[in-house]
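Reviewing the structure listed below.
The values are calculated or read from the model by the stated rules, or taken from the named source; none is laboratory data. Not measured: the values here are computed from a predicted model. Every residue, glycine among them, receives a Cβ derived from its backbone with ideal geometry; neighbour counts consider all protein chains shown. Please note that ligands, DNA and RNA were not included when accessible areas were found on the heavy atoms of the full protein model with its side chains. Shrake-Rupley method; radii C 1.70, N 1.55, O 1.52, S 1.80 Å.
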2 protein chains.
Amino acid sequence: MDKRITIYDLAKTLGVSAGTVSRSLNDHQSISQKTKDRVISKANELGYKTNKFAVNLSKQKSNTIGVIVPKLNSNFMSTLLAGIEKIANEAGYNLIISQSLESTEKEIINAKTLYDSGVDALLVSLAYDTSNFDHFANYIRNKIPLIFIDRVQDLTNCSNLIIDNRLAGLEATEHLIAQGCKNLLYIGGNLKRNVYSERLQGFKDALEKHQLDFNKTHFLETNLNPDDVESVTQHIVNIKKPIDGLFVASDNFAAHIMKALKKENYKIPQDIKIVGFNNDPISELITPTLTTINYPGYEMGVLAGQSVISQLNGSIDLHSANSITLRHNLIKRESTLK
Amino acid sequence: MDKRITIYDLAKTLGVSAGTVSRSLNDHQSISQKTKDRVISKANELGYKTNKFAVNLSKQKSNTIGVIVPKLNSNFMSTLLAGIEKIANEAGYNLIISQSLESTEKEIINAKTLYDSGVDALLVSLAYDTSNFDHFANYIRNKIPLIFIDRVQDLTNCSNLIIDNRLAGLEATEHLIAQGCKNLLYIGGNLKRNVYSERLQGFKDALEKHQLDFNKTHFLETNLNPDDVESVTQHIVNIKKPIDGLFVASDNFAAHIMKALKKENYKIPQDIKIVGFNNDPISELITPTLTTINYPGYEMGVLAGQSVISQLNGSIDLHSANSITLRHNLIKRESTLK
DNA sequence: CTTAACAACGCAATCGGTTGCGTAATAAAA
DNA sequence: TTTTATTACGCAACCGATTGCGTTGTTAAG
């Protein structure tokens, strides 16, 4: 029970070569069924376990997929990961997960570590302010599948998995306008990231389309962090022309803002209507329930998983699908009732 | 740039043996500083990268830690993971994360897969109804550090990381009683799991201590799943002697229940007071804010990480710390106001 | 009966490090 | 100057598979 038995042990007891054992175990065609059966049954009998380390070295691949996300403890990210994990697991791949904690430096380190660990592919959702992408060069150079999810960047030979954030932003904003809002405010994250800048674009599009004016007072760039609630609230309270519609790029942050506004005696949705983003579980548990954009995190994870797996299997050619866009939809709830 | 260079390449260009190169790179004592410097600078010059696969095979260890959690997409679990990841990462370990999806079968498969992958240690939070633990036998037999977190089980030579759930349950319940509740209900998850059975124990302790009677109508065993909300609500609504105090073993589920009760025109906390568990962010965003037990998930993750690392480093002896209990505390909020 | 064509397996190199042990070279002690 | 330690490396086995190529025993075709 102590000594792990190897293919050599099997070979010796069976009177065949190690190569034959290996091929039998892998169901290679050039081995007779009879021999395969003998090998396999003996393997089971002796409790043979293949040593992945040796396999990895020999094949120069690890059967693991690396993942870098900004934070593990966010509903969207953990849901996304749940989807990825499910698919990867079913396909026999392990997931090595690391978080950048929104720091480019950590992202760089993680990318390097995962590269050194020999992951077969890498899935990335970028940190807030990553603007240089050299840390992915090794992956691209060595043709290791690299897929960006949600927080993406266009790099050659990498695919992106996104939703149409601009359209979603447009729809969210138009909904607010349709509900009678005249003076809107967009609250997003770092504008370096596609998700936040594109949602802002959609926001602008809507204002323009409905001939509402747009200037610097109509959007705030924040970290979507509870620490920012105070200043955001002050901005809303102190602004001369009262804001009656809020589009927040995150449900969670929207919930915080909503709480703060209620404390300031705002009535929602009477005084101010709010649209969030993501459709986090929290959005329908708070009072009033939050209108939001449904962002299918789990489905996106599943798709990301399937995409990687098929790239690894060679069943998809890298250049064919450069970008996959998932469907989103607006979910109307109490926070924007007329 | 294409051909990875190996220690043999280095050895050849430097006119030394591969062994010397290896030892130099690992700062072995038996190599002169001069030689080390030569090797290292040449290694950098040529862009040498150590091949982890070879190292793994040679050392029979992978520098990765396996983790099995019930679900990735729960606030507590993802927060826990965030803590673990931080420590593991700092110590140079990778994390292979998998989810059992509350299924024992998947847990078994995951345990086996991770074992085969050669993880150096395993962290586990058990699935709902796991009651057989043979799938961890290999770890124990081979002295691979095995640590249970939150959802634990006493196995020889494994450590547990928990809070005092029974005491927490007692405190939560006593708080309800102190606020005037006379007829309490405990809503928990599968009683096979320590966390839920112990919280129930604490609940019972409190009732007994305050001479309130306890019978089967005073607790519900559920899956803490949104699907269960309906039946739980019906139970509360239809019970003869009205319930005025609720202790729910999960904030998230408590939030769902609260919403359903409000729909049934219950006033909280006037008609019924509620205490949750975990101190999820949601607990202070809902209306009314939820009294809860603060469960330090991140700290627990950090501790779990540190514990594994020190076991791997041999700086802790397996048998010394069999169980670590973290501090919890009751956070009083609006849902239990008198 | 010969020979071509397979089928079924053995050989041995290879993947890229790690490490116990042996030894040459230099230094210190006798 | 010879002996004894030490220091600094080299040798080669080892970790446990995978795989290209060559070889043998059979079978079918000529």
Contacts under 7 angstrom Cβ, first residue in the range B:276-290 being in a loop (DSSP other than H, G, I, E, B), partner acidic (Asp, Glu), 6 or more apart: B:Gly276/B:Asp251; B:Phe277/B:Asp251; B:Asn279/B:Asp251; B:Asp280/B:Asp251; B:Pro288/B:Glu334; B:Thr289/B:Glu334; B:Leu290/B:Asp251
Residues that are within 12 Å of DNA strand D (Cβ to nearest atom), over 20 Å from A:Tyr115 (Cα atoms) and surrounded by 15 or more Cβ atoms within 10 Å (Cβ to Cβ), drawn from the range B:6-29: B:Leu10, B:Ala11, B:Leu14, B:Val16, B:Thr20, B:Val21, B:Ser22, B:Arg23, B:Ser24
Any hit, the range B:194-201, residues being under 21 Å from A:Glu284 (Cβ atoms) and of a type in the set (S, T, N, Q): no
Failed condition for B:Lys61, given (1) facing chain A (nearest Cβ under 7 Å); (2) within 30 Å of B:Leu14 (Cβ to Cβ); (3) in a loop (DSSP other than H, G, I, E, B): (1)
Filter result (open to solvent by 40 Å² or more (accessible area, probe 1.4 Å) and more than 24 Å from B:Thr289 (Cβ to Cβ)) within the range B:238-261: B:Asn238, B:Lys240, B:Lys241
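Does B:Ser32 satisfy the criteria of being near DNA strand D (Cβ under 9 Å from one of its atoms), open to solvent by less than 70 Å² (accessible area, probe 1.4 Å) and not assigned by TED's automatic domain parsing to the domain that holds B:Glu85?
Yes: the conditions hold for B:Ser32.
Only one of these is more than 20 Å from B:Thr336 (Cβ to Cβ), of a type outside the set (Lys, Arg) and open to solvent by less than 20 Å² (accessible area, probe 1.4 Å): B:Thr233, B:Thr292, B:Thr222. Name it.
Every option except B:Thr222 fails the conditions.
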Residues satisfying the stated conditions in the range A:57-72, i.e. touching a helix residue (DSSP H, G or I) at 6+ places or on another chain (Cβ under 8 Å) and near DNA strand C (Cβ under 9 Å from one of its atoms): A:Leu57, A:Gln60
Residue among A:Ser32, A:Ser41 that alone is more than 39 Å from the chain's Cα centre (by Cα), among the hydroxyl-bearing types (Ser, Thr, Tyr) and away from DNA strand C (no atom under 12 Å from the Cβ): A:Ser41
Test: residue in the range A:76-89 that is without any contact (Cβ under 8 Å) to a residue 40 or more places away in the chain and surrounded by fewer than 23 Cβ atoms within 10 Å (Cβ to Cβ): yes
Pair list, Cβ under 7 Å, 6 or more apart: the range A:163-183 residue touching a residue at least 24 places away in the same chain (Cβ under 8 Å), other residue open to solvent by 10 Å² or more (accessible area, probe 1.4 Å) and polar (S, T, N, Q): A:Ile163/A:Thr325; A:Asp164/A:Thr325; A:Asn165/A:Asn194; A:Arg166/A:Gln201; A:Gly169/A:Gln201
Qualifying positions in the range B:131-181 - at positive phi and hydrophobic (A, V, I, L, M, F, W, C): none
In the range A:269-285, residue surrounded by the fewest Cβ atoms within 10 Å (Cβ to Cβ) [restricted to those that are in contact with a strand residue (DSSP E or B) (Cβ under 9 Å, 6 or more places away or on another chain) and within 11 Å of another protein chain (Cβ to nearest Cβ)]: A:Glu284
Qualifying residue in the range B:38-54 (condition: at the interface with chain A (Cβ under 10 Å from one of its Cβ atoms), hydroxyl-bearing (Ser, Thr, Tyr), out of contact with any Gly (no Cβ under 9 Å at 6 or more places or on another chain) and open to solvent by 50 Å² or more (accessible area, probe 1.4 Å)): yes
Residues that are within 15 Å of A:Gln153 (Cα to Cα) and away from every other protein chain (no Cβ under 14 Å), drawn from the range A:106-124: A:Val124
Restricting the range A:83-105 to residues that are in contact with a strand residue (DSSP E or B) (Cβ under 7 Å, 6 or more places away or on another chain), more than 8 Å from chain B (Cβ to nearest Cβ) and part of a helix (DSSP H, G or I), the residue that is farthest from B:Lys112 (Cα to Cα): A:Ile84
Those residues of the range B:63-72 which are open to solvent by less than 50 Å² (accessible area, probe 1.4 Å) and either touching a Lys or Arg at 6+ places or on another chain (Cβ under 6 Å) or at pLDDT below 95 (or both), in sequence order: B:Leu72
